[in-house]
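All of the numbers you see were taken from the coordinates with simple rules; none came from a lab. The shown structure was predicted, so the numbers you read here are calculated from the model rather than taken from an experiment. Here the Cβ positions follow ideal geometry from the backbone for every residue, glycine too, while neighbour counts run over all protein chains shown.
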Amino acid sequence: MVHKTEDMPHLFRENLRGGHGPVETDVVYGPEDLAGKATLFNHMTVKPGSSIGRHAHVQDAEIYYVLEGEVVVDDDGKEVTMHKGDAMFTSRGEHHSLENRSDRDAVVLAIVIA
């Protein structure tokens, strides 16, 4: 199933998961598209100074993959700076957050696995 960019919902989300500032989100695939294997596949632009607040993954897991820029993540209690090409897997029972502390937009793919 092909989803063209112009057909993807484009959302501006403020204070995502208790974070700060705006995160622009293109919903590449939603749960209805992913056959029960995942619940989210988003292309996110995180503005400078913006963040996704620390949250737990209780019933699912999540992958972040950095396409552009730099972000600082909380990887279940450990702070790590990620750059283009870096990936992070947050398993069930773990916590994470993401923050753009740079002066440029960061672009990240997020996939939540059921």
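Classification of the range 64-114 by its C-alpha gyration tensor yields an oblate form. The axis ratio a/c (a ≥ b ≥ c) is 1.5 or more, and b/c is at least a/b. Each peptide among 70-78, 46-54, 28-36, 3-11 gets the average number of other Cβ atoms lying within 10 Å of its residues, and from highest to lowest they stand as 46-54, 70-78, 28-36, 3-11. 3J(HN,Hα) along the range 84-101: 3, x, 7, 9, 9, 10, 10, 7, 3, x, 9, 10, 7, 8, 8, 9, 9, 9 Hz, from the Karplus curve 6.51 cos²θ - 1.76 cosθ + 1.60 with θ = phi - 60°, whole Hz, x for Gly and Pro. Charged side chains reduced to their Cβ positions (Lys and Arg at +1, Asp and Glu at -1) give the range 23-77 a dipole of some 80 debye around its Cα centre. Rg and Dmax over the alpha-carbon atoms of the chain stand at 13.4, 38 Å. Lysine pair count for the chain (Cα-Cα distance under 25 Å; residues 8 or more apart in sequence or on different chains): 5. Can you classify the range 34-97 as rounded, prolate or oblate using the Cα gyration tensor, where a ≥ b ≥ c are the square roots of its eigenvalues, rounded means a/c under 1.5, and otherwise it's prolate if a/b beats b/c and oblate if not? It is oblate, given that a/c is not under 1.5 and a/b is not larger than b/c.
Rounded to whole numbers, the Karplus 3J(HN,Hα) couplings from phi for the range 62-71 are 9, 10, 10, 9, 7, 8, 8, x, 9, 9 Hz, using 6.51 cos²θ - 1.76 cosθ + 1.60 with θ = phi - 60°, and x at Gly and Pro.
Less than 5 angstrom separates the built amide H of residue 61 from those of 113, all sequence-distant by 5 or more or on a different chain. Across the range 45-54, computed HN-Hα scalar couplings (Karplus, 6.51 cos²θ - 1.76 cosθ + 1.60, θ = phi - 60°) run 10, 9, 5, x, x, 8, 8, 10, x, 5 Hz from first to last residue, x flagging Gly and Pro. The range 42-114 and the range 16-41 have their alpha-carbon centroids 12 Å apart.
Between the amide H of residue 68 and those of 107, distances stay under 5 Å, these residues lying 5 or more places away or on another chain, with hydrogens modeled in the peptide plane.
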